[in-house]
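Written below as structure tokens is the structure these notes are about.
The values are calculated or read from the model by the stated rules, or taken from the named source; none is laboratory data. All values derive from a computational prediction rather than experimental measurement. Because the Cβ atoms are built from the backbone with ideal geometry, glycine has one as well, and the counts that use them run over all protein chains shown.
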Amino acid sequence: MQRALGVTRAQSFPDWYQEICRAADLAEQSPTRGSMIFLPWGYGMWELMQRDLDRRIKETGHENYYFPLLIPMSFIAKEAEHVEGFAKEMAVVTHHRLKNVGGTLQPDPAAELEEPYIIRPTSETIIGDAFQRWIKSYRDLPLLANQWANVMRWEMRTRLFLRTSEFLWQEGHTAHADRADAMEETMRMLEVYRTFSEEILAMPVVAGEKPENERFPGAVATYSIEAMMQDGKALQAGTSHYLGTHFSEAQNIRYQDKEGGLTLCHTTSWGVSTRLIGGVVMTHGDDDGLRTPPAIAPRQIVIVPMLRDKPEDEDVLAYCRALAADLNKLTAFGAPLRALVDTKQGRSADKRWNWVRRGAPVLVEIGHRDAAGGKVSFMRRDALRDGDKVKTQLADRAAFIAGAAKLLEEIQGVLLGEARTRQAGAMQDDLRTFADLESYFGAGETEDFKGWARVAWSKPSGADLEALGERLKALKLTIRNAPLDQPKTLGKCIFSGGAAVEQIIIARAY
RNA sequence: CGGAGUAUAGCUCAGCCUGGUAGAGCACCACGUUCGGGACGUGGGGGUCGUAAGUUCGAAUCUUGCUACUCCGACCA
């Protein structure tokens, strides 16, 4: 059977992932350690994600700001847990000039900065500094800010999209008068991420609260959305943090209340990153490449003319261009439909397989027979094959155009449905004891597919939770989150046998 | 940052053990024949062999340092 990739998911999921990133024009390695080059199909997906999520962020009352890339080093030290969490992965800027010393360029000792800067790993501190100046009165609250930016964390081990030293993201930062308002914001944005992920990325997620040992450094509570990849591992796809007054205390973010007293603000932060692209790949990819969800496909319908260096080629091209023009007048997912005629020089068969690897949702192929007969031959990427055979369909031109937007929405629905079915089918909810957990996941490293375990626990904290974490670590497991959606009755704690207080998701993770 | 591995043409790799001056397939270019489904033939272009040093008459090949990537571990909103 001929496949569009050299490696199948079953042979090696990690190798398959790497190949798809290259073969689908998503990204490649760069000369800069741990940093990647975004290729057009991958960056195009990001632009569309940005467009939709930015709208949702604005609709919930936030405004975009832009803060500096470099943060004075002293800022990061202001919140104790925060600095401890990030100190080990910080890039530091210490000089502002280079000097040629014996033929090699070196930082000029005379140009050493009095106070070094760090390249932002996240912007709580520099935004908090601004908040402290901007917020005077209860009338200034809530302050709802967001920024689209790049950040840098000097990670020891990187993987394209999933963990890179530099990555692109959006980070929301808000300040509120009290805990209730800040918590409401935290949960609102978690819900924005959940619906965005499902509606736009066709990636079902479980929203819930992280256990205390997985919290963001400096947070009082951290919530996440977790997505199941095709190898059964969990991917943390977005987080929303309630920061309490930790950062306000550290940075003196206070307001004068109605009674005239000075009160600390309660702050939040929340973000999703280009990691989502990795999630889309591992959710929707198949052995022929990516299946790009139509809502974020840079090209939703790609038309490949079948040219033969003959006079009728002109008719075929004209027919294709007219078809694309008509399709581009349509609206899909609330935006102009994105159709393209691939007029690049090259063999049609090669072009077709390139679009299959990238995962254009609908691939139209027009030969002279279609052009002459007013027909459209097309294939759906969500169901590319029928066994070894590529599934192609034939439609009348007018009917194809009339149904195009609906077709894209249907494909989006199929992808979401498949992912939902897979996630639901791989959720183990009948594990009752730690021995059950061990026998399900197996003690050692295994290539076999393992799903997630949804189990009840008594939610220990402190040293008890640490010890529990070690037991899970031996099985390469982590607690992903405690889903917001909890059952009415809980059994016994899978770890202690005592009374359980909530259910949690346990899984191997990226 | 610890352990293991890898680095030769755009890609996948051979050559290295046993040192003698660069190879294959795919991709690319030209021409021809094909072409409703990843075509075929003939010819051609492309590499200071990751990098720096050492050994040697001579290094892709042997030695050492460095860098990057992959896997495992540690770390990881």
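In the set A:ARG420, A:ARG432, only one residue is more than 9 Å from RNA strand B (Cβ to nearest atom) and in a loop (DSSP other than H, G, I, E, B); that residue is A:ARG432. Yes or no: the stretch A:211-225 includes at least one residue that is over 24 Å from A:ALA130 (Cα atoms) and of a type in the set (A, V, I, L, M). So far as the stretch A:211-225 goes, yes, one or more of its residues are over 24 Å from A:ALA130 (Cα atoms) and of a type in the set (A, V, I, L, M). Pairs are defined by a Cβ separation below 6 Å, a sequence spacing of at least 6 or placement on different chains, a first member in the stretch A:7-26 that is free of Cβ contacts under 8 Å to residues at least 24 places away in the same chain, and a second member that is more than 9 Å from RNA strand B (Cβ to nearest atom); the pairs so defined are A:VAL7/A:TRP16; A:ASP15/A:VAL7; A:GLU19/A:VAL7.
So, of the residues in the stretch A:289-298 that are under 17 Å from A:ALA27 (Cα atoms) and surrounded by 22 or more Cβ atoms within 10 Å (Cβ to Cβ), which turns out to be farthest from the chain's Cα centre (by Cα)? Per the stated criteria, the residue is A:GLY289. In the set (1) more than 22 Å from A:MET203 (Cβ to Cβ); (2) part of a helix (DSSP H, G or I); (3) of a type in the set (Phe, Trp, Tyr), A:TRP16 fails one condition alone, (1).
Cβ-Cβ contacts under 7 Å between residues 6 or more apart (or on different chains), taken from a first residue in the stretch A:452-463 that is without any contact (Cβ under 8 Å) to a residue 60 or more places away in the chain to a second residue that is of a type outside the set (S, T, N, Q) and part of a helix (DSSP H, G or I), are listed as A:ALA453/A:LEU437; A:ALA453/A:TYR440; A:PRO460/A:LEU468. Against the condition of a type in the set (Phe, Trp, Tyr), in a strand (DSSP E or B) and surrounded by fewer than 18 Cβ atoms within 10 Å (Cβ to Cβ), how does A:TRP148 come out, does it pass? So A:TRP148 fits the description; yes. Within the stretch A:126-184, the residues that satisfy the criterion of being over 10 Å from A:CYS265 (Cβ atoms) and among the small types (Gly, Ala, Ser) are A:ALA130, A:SER137, A:ALA145, A:ALA149, A:SER165, A:GLY172, A:ALA180.
None of A:THR174, A:THR186, A:THR195 is part of a helix (DSSP H, G or I), buried (at least 20 other Cβ atoms within 10 Å of the Cβ), modelled with pLDDT of 95 or more and among the polar types (S, T, N, Q) except A:THR186. Scanning the stretch A:367-397 for residues that are acidic (Asp, Glu), more than 23 Å from A:ASP288 (Cα to Cα) and either near RNA strand B (Cβ under 7 Å from one of its atoms) or in a helix (DSSP H, G or I) (or both) gives a single hit, A:ASP370. A:ASN252 meets each of the listed conditions (1) on the phi < 0 side of the Ramachandran plot; (2) in contact (Cβ under 8 Å) with a residue 40 or more places away in the chain apart from (1).
In the set (1) under 23 Å from A:ARG215 (Cα atoms); (2) within 15 Å of RNA strand B (Cβ to nearest atom); (3) surrounded by 13 or more Cβ atoms within 10 Å (Cβ to Cβ), the condition left unmet by A:ALA474 is number (3).
Is it the case that some residue within the stretch A:96-117 is part of a helix (DSSP H, G or I) and crowded, with 18+ Cβ neighbours inside 10 Å?
Among the residues of the stretch A:96-117, not one is part of a helix (DSSP H, G or I) and crowded, with 18+ Cβ neighbours inside 10 Å, which makes the answer no.
For A:PHE449, the conditions (1) more than 18 Å from A:ARG215 (Cβ to Cβ); (2) more than 16 Å from RNA strand B (Cβ to nearest atom) are fulfilled apart from (2). Considering (1) within 28 Å of A:MET228 (Cα to Cα); (2) among the polar types (S, T, N, Q); (3) without any contact (Cβ under 8 Å) to a residue 12 or more places away in the chain, the lone condition that A:GLN345 does not fulfil carries the number (1). Checking each residue in the stretch A:353-392 for being basic (Lys, Arg) and surrounded by fewer than 20 Cβ atoms within 10 Å (Cβ to Cβ) picks out A:ARG369, A:LYS375, A:ARG380, A:ARG385, A:LYS389, A:LYS391. Within the stretch A:327-366, can you find the residues that are farther than 11 Å from A:GLN300 by Cβ, assigned to a strand (DSSP E or B), more than 10 Å from RNA strand B (Cβ to nearest atom) and not polar (S, T, N, Q)? A:VAL341 - this is the single residue of the stretch A:327-366 that is farther than 11 Å from A:GLN300 by Cβ, assigned to a strand (DSSP E or B), more than 10 Å from RNA strand B (Cβ to nearest atom) and not polar (S, T, N, Q). Just one of the listed residues (A:ARG157, A:ARG163, A:ARG188) is more than 12 Å from RNA strand B (Cβ to nearest atom) and not small (Gly, Ala, Ser), and it is A:ARG188. Taking the conditions (1) of a type in the set (S, T, N, Q); (2) part of a loop (DSSP other than H, G, I, E, B); (3) surrounded by 13 or more Cβ atoms within 10 Å (Cβ to Cβ) in turn, A:GLN503 satisfies each one other than (2). Of the strands (runs of 3 or more DSSP E) lying entirely inside the stretch A:200-272, those containing at least 3 residues that are within 16 Å of RNA strand B (Cβ to nearest atom) and under 25 Å from A:GLU166 (Cα atoms) are A:221-228, A:234-244.
Scanning the stretch A:281-326 for residues that are assigned to a strand (DSSP E or B) and more than 18 Å from A:VAL376 (Cβ to Cβ) returns A:ASP286, A:GLY289. Would you check which residues across the stretch A:181-230 are over 17 Å from the mean Cα position of the chain (by Cα) and charged (D, E, K, R) and list them? A:ASP181, A:GLU184, A:GLU185, A:ARG188, A:GLU209, A:LYS210, A:GLU212, A:GLU214, A:ARG215 - these are the residues of the stretch A:181-230 that are over 17 Å from the mean Cα position of the chain (by Cα) and charged (D, E, K, R).
Quick one: count up the residues across the stretch A:213-249 that are charged (D, E, K, R) and without any contact (Cβ under 8 Å) to a residue 60 or more places away in the chain. Let's see the steps before the verdict.
Kept after step one, since they are charged (D, E, K, R), are these residues of the stretch A:213-249: A:214-215, A:226, A:231, A:233, A:249.
Next, only the ones that are without any contact (Cβ under 8 Å) to a residue 60 or more places away in the chain stay: A:215, A:249.
Looking only at that region, the number is 2.
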